[in-house]
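Readers should treat all values here as calculations from the given coordinates under stated rules, not as data from a laboratory. Only a predicted model underlies this, so the values are computations on that prediction, with no experimental measurement involved. Note that each Cβ is placed from the backbone with ideal geometry, even for glycine, and that neighbours are counted across all protein chains shown.
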Amino acid sequence: MPQTAQSSPATRSTSAKQYYRVAVPSPLRRLFDYLPAKSDTTTAHPGSRVRIPFGARRVTGVIVDIVSETDVPASKLRPVDAVLDREPLFNSAMLSLLQWAANYYQSPIGEVFAAALPARLRAGEGLTSLEENWRLSADPLENSQAESATALLKRSPRQLALYRLIAENREMSTEAIAEQGFGRPILRKLQERDLVECHHDAPPPRPHFSSHDFLADGERLQLTNEQEQAVAALNASPTQFGSYLLDGVTGSGKTEVYMRAMAQQLSLGRQCLVLVPEIGLTPQTIARFTERFRCPVVTLHSGLNESERLASWTAARDGSAGVIIGTRSALFTPLASPGILIIDEEHDASFKQQDGFKYSARDLAVMRAHAEGMPIVLGSATPSLETLHNAIAGKFTHLRLSNSTASLPRAAIELVDVAEQHLQEGFSQTALQRLREHLERGNQCLVFINRRGYAPVLHCTNCGWQSECDDCLAQMTVHRTPPRLRCHHCGISVALPKSCPNCKSRHFDTIGLGTQKAERFLQSQFPSFPVIRVDRDSTRGKAGLDRALTKVGEEKPCILIGTQMLAKGHHFPNMTLVIILDADGGLFSADFRGQEHMAQLVTQVAGRAGRAKKRGEVLLQTKHAAHATLQALSNESYAQFSARQLDERLNAKLPPFSHLALVRVEASDAMAAAGFAEAIAQLSAQLSSDERLGVELIGPLPAPMEKRAGKFRVQLLLKSERRGSLQDHLNYLVSNSEQLKKPPGLRWSVDVDPQDMI
Ligand code: ADP
Ligand code: ZN
Ligand code: ZN
């Protein structure tokens, strides 16, 4: 029953005023107060959406709080148009988390809620709109209706066809109608003519998955001792917050540990939310979970259309899905019965959102697990230094799986010193020789090159001119299939020049090596074996990667060439040789995380070799074979490398031993960008050293990528050993910077705990 304000005296006195405090989609870092709707028929709760007037627009916001006092003068207060949800979309733990996140990441609260909602809910559609059903309008003259409709629609064959379709089916959902090729506009036309009507039926009650349905199918593996211990730790207190690092080498059976903990949760009627990296959510990954659990498993990722996304979201929220697998933003999916949170490959960069609301899904996941009282597992073969630090500090329980489940020991990384060698298109003789041996033995090989395209630079052999993107002041990559120059920073592409823009010479050459060039070269070297390339260009469209992986899955000898897309999770039993062509860039990166990222990538790629019964080999070509990081990866392990890196970070007072925030300013006019960044720096400088709370400000400095997509970029780095001090300083800086006069077209943003310093 709809309630009016007067009808529930227990919760509202007639005199007590109520105001809705609403998160509104806008770049403003604040909430807005509204009055209840004039004819208030729906009880509103924090977490319900409202349609509201905002300036001259009508937008959808979310009530964050209902309060009895407001600072807004009565004359300025406007009522909401309508309350859109009887039941709140978010519980109080999620509401607090989202507000905390807005505050911590200095992000407008409206943007935070926008990130947490599927687009269709953001647009104000009802949660039940999936159940929108169409029927013929009731007509007292029944039989004559069909005839009159036929006459009426004589000149509108499409409408007539749709009319007949609905008549035949008696009742159809909007979705079913869309599947037959009829969109909303045509439905509306029939509705305007009063020929069909729409019923918003309540969705059929969904069964809560029952704890008996999930029963694990298939093989019951005998767990290793280490797996046993990890599972025991996770299952010891399954209904309480606890954070765990599952630190297990590739192939050590981390997924099996996740699944045992998930089975325990499902048997308690609790749901499991699994986050995976963007390129890790392959059909193979999903299949492992759907084959194992008989409860509904839903996914949330960028490949879904909006109806599918809403359906998954709804199934998570109403409790009908037992397992929810998704990428970064799936973290915000409400769960009817939160059981466990799992972050697979927790070190992966895709868990950090790079624009807009720049949150870390991994870090927020720990907050969420705490707020909702559930265990959280961060799993990786190469944990981030932040997570390792938390484990050492005792915040996370450190669970280790140090052995691969395969009976053979893992392949050591063999360094091939190419400082003095002549290379053929980037390949040493050793590498080519080894490829030949493995192929001839009937095995598969992986060549890892972290650069797509043909070659990173085109240059004129006469005058030395190089292809450069004017908008980014960066080199443009040469592509051969199709032939173009492409900027990997802003995405523009141009035709390959016929003659040098500088000296008109027609003699060009390329410098360096990309996947396309390697593909061509290796095909010429090994004409009788298939060469399969996997990178973002070759896998455009959903099926590309699958097709390539299926081919490799046939286990015939071949060479697989690819970028970091191949570093993740794929399991190729017949792959015995991995060649990493060039990892030297990471050794001397300007980014302090350069070595960490390089070590993670190398370890993950190396883990693709010899995962089953055949012994694997890993070659890494380098000009810096004596470098301590390479020596550590080759002779020791990622664990020893990371321990040493942590020492270095401690000495340099870098994260995780200090906290960073990056203020970025971008404008088409270089002077404007520099001037605004300087003004922000001045705000900081106005504080006394006491007020600065030990926060160090570095800059303004040009960003490592000084220009990108036509915008000049300047940045300020804030650093502090105390997170709270950094937060206080940021609050001051951001609220005052918002008052600064901003030149038109200039944009500035804050990135808290930045991952990428470019
Ligand atoms: P990770 O995620 O740690 O790289 P996976 O979970 O993918 O490892 O496991 C690698 C392979 O080992 C899979 O084929 C899996 O089925 C198998 N496996 C896992 N646990 C065991 C076990 N206890 N005994 C035998 N094989 C196992
Ligand atoms: Zn030239
Ligand atoms: Zn560019």
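General remarks:
- Coil-residue chymotrypsin sites (Phe, Trp or Tyr not before Pro) of region 28-105, DSSP, other Cβ within 10 Å capped at 14: none
- Nearest-ten-degree value, helix 594-606 long axis tilted from longest Cα axis of the chain: 80 degrees
- Candidates per trypsin sites (Lys or Arg not before Pro) in region 603-696, loop by DSSP, up to 11 other Cβ within 10 Å: LYS613
- One equal scatterer on each Cα of region 225-401, no solvent, Debye formula: the resulting log10 I(q)/I(0) at q = 0.08, 0.19 Å⁻¹ is -0.21, -1.35.
- Computed packing ranks the peptides 307-317, 488-498 as 307-317, 488-498, most packed first, by mean other Cβ atoms within 10 Å.
- The simple spin-label model puts a point 7 Å past each Cα toward its Cβ; for LYS154 and SER505 those points are separated by 7.7 nm.
- Computed lengthening from ALA336 to GLU306, 0.36 nm per intervening residue step minus Cα-Cα distance: 8.7 nm
- Over the residues of the chain, the helix contribution to mean residue ellipticity at 222 nm works out to -9500 deg cm²/dmol, using -39500 (n - 2.57) for each DSSP H run of at least 4.
- Packing order of peptides 153-160, 365-372, 512-519, 397-404, highest average first: 512-519, 365-372, 397-404, 153-160 (average count of other Cβ atoms within 10 Å over each peptide's residues).
- Based on the Stokes-Einstein relation at 37 °C and a viscosity of 0.692 mPa s, and on the Kirkwood radius from alpha carbon pairs, region 504-557 is assigned a translational diffusion coefficient of 248 µm²/s.
- Angle between the chain longest axis and helix 283-292 axis [Cα atoms, degrees, rounded to 10]: 60 degrees
- Distant alpha-carbon pairs in region 668-711 (separation over 15 angstrom), percent: 51 percent
- Based on the reciprocal of the average 1/r between different C-alpha atoms, the Kirkwood radius for region 548-608 equals 12.8 Å.
- Cα-Cα pairs of the chain separated by more than 33 Å (percent): 61 percent
- Dimensionless Rg ratio for region 431-514, taking C-alpha atoms and the 2.2 N^0.38 Å reference: 1.38
- Whole-number D in µm²/s for region 13-122 (Stokes-Einstein; Kirkwood sum over Cα pairs; 20 °C, 1.002 mPa s): 153 µm²/s
- Averaging 1/r over every pair of different alpha carbons in region 641-758 and inverting the result gives a Kirkwood radius of 14.9 Å.
- Taking 18 Å as the limit for the C-alpha separation, the pairs LYS711/LYS742; LYS154/LYS189; LYS352/LYS742; LYS556/LYS613; LYS17/LYS76; LYS504/LYS711 exceed it in the case of LYS352/LYS742; LYS504/LYS711.
- The chain: angle of helix 723-737 to the longest principal axis, Cα-based, in degrees nearest 10: 60 degrees
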